[in-house]
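One structure is given below, encoded as structure tokens.
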Amino acid sequence: MAPIIEIQNVTKEFKVLNRREGLKGSIRDLFSRNYKIVRAVDNVSMTIEQGEIVGYLGPNGAGKSTTIKMMTGVLEPTSGQILVGGNVPYKNRTKNAQEIGVVFGQRSQLWWALPLVESFKILRDIYQIPEKNYQEMLDFYQSLVDIQPILHKPVRQMSLGQRTLSDILAAFLHDPKIVFLDEPTIGLDVSMKAKIRTLVQALNQEKKTTVILTTHDMGDVDALCRRIVIIDKGKMLYDNDIDHLKSFFGSYRTLKIRVEGELKAQAQAIQKELPEFPVTADEEWISILVDEDKAKVIDVLGRLQSSCRITDMQLQEISSEDVIKKIYEEGVK
Amino acid sequence: MKLKKYITLTRAGIIEALQFRLATVVMVIGNLLYLIVVYFLWKSIYASAGTDVVNGMTFSDTLIYLVLATALFNFMEMYTVWEIGRSIQSGKIVLDLLKPIEYRKYLFWSYSGTFVTQFIFTFLPTFIIVAAVTHGGIHMGVNLLFFVASVVMAVSINYSIDFLVGTVCLFTESIWGINIMKQVIVLLLSGATIPLAFFPEKLREVVELLPFAAIYDVPLKFLLWDGVSMEPHEPWCMLLFQLFWSIVMMVLSKLFWKASLRQITVNGG
């Protein structure tokens, strides 16, 4: 089967006016032709198959939104090629629109003053969804989340969580092949986040919808994505499975122990004993970052038990958040 | 089926407008206040002129003209410039561009519901009041049919001009000044603030050829027309004049939008 999204060596450059400082500078800017070229996306390639959920990550200003805008057809790439469902998005924007759904966490496409169900009806007519499919979709939604209480509520009276949920439902309504979710869980509480994750997961499973998810919440990524793409300063840093990402950085685990006596002093003693692993201490725990390629955690524990009395212990896997943070800060080596 | 796509937007617009009852009331009151001001202003102009007829228009002619111009304005003004500008600033335009409808149509039909409500809540009442107060100042005959046809084209021309100006916002990213400038020019040159008959001869001849005259002056002339005072071919010429401008402006605004959008998609917004 042909991939649903194909991106080949895509670059996007913006012309930005070089602004000068102060009042005098601002006046001179009025006549300035002094532009600089900013490369927002630099030679990015990827292919995405139908039905995948891809986490598209990167620090703020990395070029994520620009890439998404190019995939939706709002922006035209400076060079390179994008095919979405076999179409060039910016050339067939209106046609492409029928095949995609978008949610921008900060904005709503819903009719602000109207009850949600009216927005749904408008979308049904705009996207020309057959009545039967529309009803089935509503029933399916109802089986996933209880939409009855919000269905007749005007959008402007909704909480942020309800509104985001509604926006996601609206984006999936016409059964698009691809849905772009741009920071869908921003500013939401834990239970609403969980609800939205379950919803997206179910829609992806049932409808085989491809989902491109940008987020800063690693919880979203862990819950939904098997594959992640990381981009920074317009360049692609990583494109692979999320599990592979962790091993990519060595198999680190954090061993936390509590021992008798003063922790700081004990920590120093342990550091001497285990020179190959960094040891830190806080009020409650002594943490040892164990590289499992060098020694198994269980062996480290054994060695420690011979020298001191351990009263309690905890084992922490390195989280995707730690890994991503490391990539943002240091890049991929 | 195809039409349903658009009618649904009209329907939404009507429901949306009806959600804000208080706004409707305030609008009707504001409209009344404006009409009172117009009444006294022109009453004093006629009083100081010392004659009953100024520039071929009697006081009641002028009043009908201006009152109905206001009513027409209320119902035709689409705040398109404002709308486009705001969605550019907030970035909402991205979502609108991703609807499977051309943006120009999408915006028009989204607004069309307001036409319906405004027509019922402001234009019709004003029209009835004026007709009643002036005792036959408005001829009820074939001129009304011409008027309706004329208003349809006026709406189209007005929208095209608005859309054209709104597109400029893509480049300037500011709305206020552009919007005010557009409003002043359109209202003045279309005869909505001062009847075109009051313009100096030379200026009037030029202005009457511009598209603005086709927005207010032509429909209003039809309303004031008593059914006999024009040559038989004249009303048709006026309609043709409107048709000409509505096509020209539509093509212009479409082309400009297309070119601008390309510019934006290339350089980013």
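The values are calculated or read from the model by the stated rules, or taken from the named source; none is laboratory data. All values derive from a computational prediction rather than experimental measurement. A quick note on method: Cβ atoms are made from the backbone with ideal geometry, for glycine too, and the neighbour counts reach across all protein chains shown.
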Picked from the stretch A:32-79 (must be part of a loop (DSSP other than H, G, I, E, B) and aliphatic (A, V, I, L, M)), the residue farthest from A:I4 (Cα to Cα) is A:A62
Query raised in the report: In the stretch B:67-81, is there at least one residue being within 14 Å of another protein chain (Cβ to nearest Cβ) and under 23 Å from the mean Cα position of the chain (by Cα)?
Result: no
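Each row is one residue, and each column tells you yes or no for (1) surrounded by fewer than 20 Cβ atoms within 10 Å (Cβ to Cβ); (2) over 30 Å from A:D175 (Cα atoms); (3) modelled with pLDDT of 85 or more; (4) under 19 Å from the mean Cα position of the chain (by Cα).
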position	(1), (2), (3), (4)
B:S87	no, no, no, no
B:F108	no, no, yes, yes
B:P125	yes, yes, no, yes
B:A131	yes, yes, no, no
B:G137	yes, yes, no, no
B:M140	yes, yes, no, no
B:A149	yes, yes, yes, yes
Flagged in the stretch B:179-203 as assigned to a helix (DSSP H, G or I), surrounded by fewer than 18 Cβ atoms within 10 Å (Cβ to Cβ) and not aromatic (F, W, Y), in numbering order, are B:I180, B:M181, B:Q183, B:V184, B:I185, B:L188, B:A197, B:E201, B:K202, B:L203
- Query: Would you say A:N92 is polar (S, T, N, Q), within 12 Å of another protein chain (Cβ to nearest Cβ) and either surrounded by fewer than 22 Cβ atoms within 10 Å (Cβ to Cβ) or under 16 Å from the mean Cα position of the chain (by Cα) (or both)?
  - Reply: yes
Listed by first then second residue, the pairs whose first member lies in the stretch A:203-224 and is without any contact (Cβ under 8 Å) to a residue 40 or more places away in the chain, whose partner is buried (at least 16 other Cβ atoms within 10 Å of the Cβ) and part of a helix (DSSP H, G or I), with beta carbons under 7 Å and at least 6 positions apart or on separate chains, are A:G219/A:K193; A:A223/A:R197
Given the conditions (1) of a type in the set (G, A, S); (2) more than 14 Å from chain A (Cβ to nearest Cβ); (3) out of contact with any Phe, Trp or Tyr (no Cβ under 7 Å at 6 or more places or on another chain), every one holds for B:S90 apart from (2)
Within the stretch B:36-57, the residues that are touching a residue at least 24 places away in the same chain (Cβ under 8 Å) and surrounded by 10 or more Cβ atoms within 10 Å (Cβ to Cβ) are B:V38, B:Y39, B:W42, B:V54, B:N55, B:M57
Within the stretch A:295-319, the count of residues that are out of contact with any Gly (no Cβ under 9 Å at 6 or more places or on another chain) and over 12 Å from A:R253 (Cα atoms) comes to 12
Residue count, the stretch A:149-158, condition surrounded by fewer than 13 Cβ atoms within 10 Å (Cβ to Cβ) and modelled with pLDDT of 90 or more, comes to 2
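Here is a yes/no grid of residues against (1) more than 22 Å from the chain's Cα centre (by Cα); (2) of a type outside the set (A, V, I, L, M); (3) more than 30 Å from A:D239 (Cα to Cα):
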| residue | (1), (2), (3) |
| --- | --- |
| A:I5 | no, no, no |
| A:Q8 | no, yes, no |
| A:K15 | yes, yes, no |
| A:L23 | yes, no, yes |
| A:S26 | yes, yes, yes |
| A:D29 | yes, yes, yes |
| A:R33 | yes, yes, yes |
| A:V38 | yes, no, no |
| A:V41 | no, no, no |
Considering the stretch A:140-166, residues that are more than 26 Å from B:I14 (Cβ to Cβ) and in a loop (DSSP other than H, G, I, E, B), and then whichever is nearest to the other protein chains (Cβ to nearest Cβ), we arrive at A:S159
Original post:
Can you find a residue in the stretch A:189-206 that is outside any helix (DSSP H, G or I) and either polar (S, T, N, Q) or not assigned by TED's automatic domain parsing to the domain that holds A:P115 (or both)?
Top reply: no
Counted residues in the stretch A:67-81 being more than 7 Å from every other protein chain (Cβ to nearest Cβ) and either surrounded by fewer than 22 Cβ atoms within 10 Å (Cβ to Cβ) or within 17 Å of A:M158 (Cα to Cα) (or both) come to 5
Residue hits (the stretch B:61-87; closer than 22 Å to B:V151 by Cα and among the hydroxyl-bearing types (S, T, Y)) are B:T62, B:Y65, B:T70, B:Y79, B:T80
Can you confirm whether the stretch B:4-27 contains a residue that is in a helix (DSSP H, G or I), away from every other protein chain (no Cβ under 14 Å) and among the β-branched types (V, I, T)?
yes
Scanning the stretch A:174-187 for residues that are hydrophobic (A, V, I, L, M, F, W, C) and either part of a strand (DSSP E or B) or crowded, with 21+ Cβ neighbours inside 10 Å (or both) gives A:I178, A:V179, A:F180, A:L181
Only one of B:V54, B:V28 is within 16 Å of B:T126 (Cβ to Cβ) and at pLDDT below 80, namely B:V28
Of the candidates A:K296, A:K256, A:K235, the one satisfying the condition of being over 30 Å from A:M192 (Cβ atoms), in contact with a Phe, Trp or Tyr (Cβ under 6 Å, 6 or more places away or on another chain) and of a type in the set (K, R) is A:K256
Exercise for the section: Kindly indicate whether A:T198 is farther than 19 Å from A:R124 by Cα, touching a residue at least 24 places away in the same chain (Cβ under 8 Å), of a type in the set (S, T, Y) and surrounded by fewer than 19 Cβ atoms within 10 Å (Cβ to Cβ). Expected result: yes
Picked from the stretch A:101-139 (must be at the interface with another protein chain (Cβ under 7 Å from one of its Cβ atoms) and closer than 12 Å to B:P100 by Cβ), the residue surrounded by the most Cβ atoms within 10 Å (Cβ to Cβ) is A:I126
- Looking at this structure, is B:H139 in contact (Cβ under 8 Å) with a residue 24 or more places away in the chain and not in a helix (DSSP H, G or I)? yes
